[in-house]
1. Collect the residues in the range 95-118 that are assigned to a helix (DSSP H, G or I) and in contact with a strand residue (DSSP E or B) (Cβ under 7 Å, 6 or more places away or on another chain), keeping them in residue-number order.
2. I'm told A30 meets every condition in (1) closer than 22 Å to R226 by Cα; (2) touching a residue at least 12 places away in the same chain (Cβ under 8 Å) except one. Can you identify the failing condition by its number?
3. Of the residues that sit in the range 193-231 and are among the basic types (K, R) and in a helix (DSSP H, G or I), which one is surrounded by the most Cβ atoms within 10 Å (Cβ to Cβ)?
4. P235: closer than 24 Å to E99 by Cα and either of a type in the set (S, T, Y) or at pLDDT below 85 (or both), yes or no?
5. Would you check which residues across the range 48-75 are of a type in the set (A, V, I, L, M, F, W, C) and modelled with pLDDT of 95 or more and list them?
6. Between a residue in the range 108-125 that is within 17 Å of P164 (Cβ to Cβ) and any residue that is of a type in the set (K, R) and at pLDDT below 95, which pairs come within a Cβ distance under 9 Å, given they are 6 or more apart or on different chains?
7. Looking at (1) free of Cβ contacts under 8 Å to residues at least 60 places away in the same chain; (2) closer than 21 Å to A23 by Cβ; (3) aromatic (F, W, Y), which one does F73 not meet, given that it meets all the others?
8. Taking the range 9-60 only, how many residues are within 28 Å of the chain's Cα centre (by Cα), surrounded by fewer than 12 Cβ atoms within 10 Å (Cβ to Cβ) and assigned to a loop (DSSP other than H, G, I, E, B)?
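The values are calculated or read from the model by the stated rules, or taken from the named source; none is laboratory data. Just so it is clear, the structure is predicted and the values come from calculations on it, not from any experiment. Glycine gets a Cβ as well: all are built from the backbone with ideal geometry, and neighbour counts include every protein chain shown.
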Amino acid sequence: MKFPNPPKTYGEQLSILKARGLAIPSDEEALRWLRRVNYYRMSAYFVPFREPLPSETFLPQTTFDRVVDLYIFDCRLRNLFMNAMERIEVAFRTAITYELAHEYGPFAHTDPNTFSCWFLQPTRSGGQSRFEELVGNILKEEKRGKEVFIKAYRSKYTSEKHLPIWMATELMSFGTLSMMFEGLRSVTKTKIAAHYKLQEKPFQNWMHVLASIRNITAHHSRLWNRQLGVKPIIPNGWKYVVP
């Protein structure tokens, strides 16, 4: 079956909304929004104002302004999250860098002894291990980096293949950082989680969840009413005692 729907002009999009029962207080204002925000992108915010599927008719007294208010709410929600995420991410980088550097040395992130056995095994498809994937990702992120400290380090330490961990973690994406944490030995993960008075499993779960949400917000995707691929674990309380 071929896709049957041709593209619609902004005026046609507005007419469709009116035909489906959406009240438009100002055509000019509605067209301004449709020119700024893709119709398909906005359609996700139509959902709570529509009759049950398969109907595409809007509920009585639904206005375009209410849809816009919901869209603006989602934008503000993403901004709030990104502001909080900055502090969480910096703190996480600090904790993981400190523990690995002091436990395994400056190049802990490239040392197999830092990681759990499963992380070092080839994948089921017979390809590279997660550890090899991690090291490869770190090298790629270094090549993309334009920071002055990379050039200064490389010009001075010409025989070193890798950056020390306190430099490498500054270049890692949050996804790579989360991946590295997942592969660490359990005892190391417990020490890092203890910085935040959490057990290993809920802490690792939340880092995964936060990495997923961060990707959503970084691409300006819808966060409101979003079903995540990872379900957050609600901690039952602090049970681990720092040694």
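1. Hit for the range 95-118 is T114, nothing else.
2. Against the list (1) closer than 22 Å to R226 by Cα; (2) touching a residue at least 12 places away in the same chain (Cβ under 8 Å), A30 comes up short only on (1).
3. That would be R214.
4. In short, yes.
5. F49, F58, L59, F64, V67, V68, L70, I72, F73, C75
6. T110/K161
7. Evaluating F73 over (1) free of Cβ contacts under 8 Å to residues at least 60 places away in the same chain; (2) closer than 21 Å to A23 by Cβ; (3) aromatic (F, W, Y) leaves (1) as the failure.
8. Adding up the residues that qualify gives 1.
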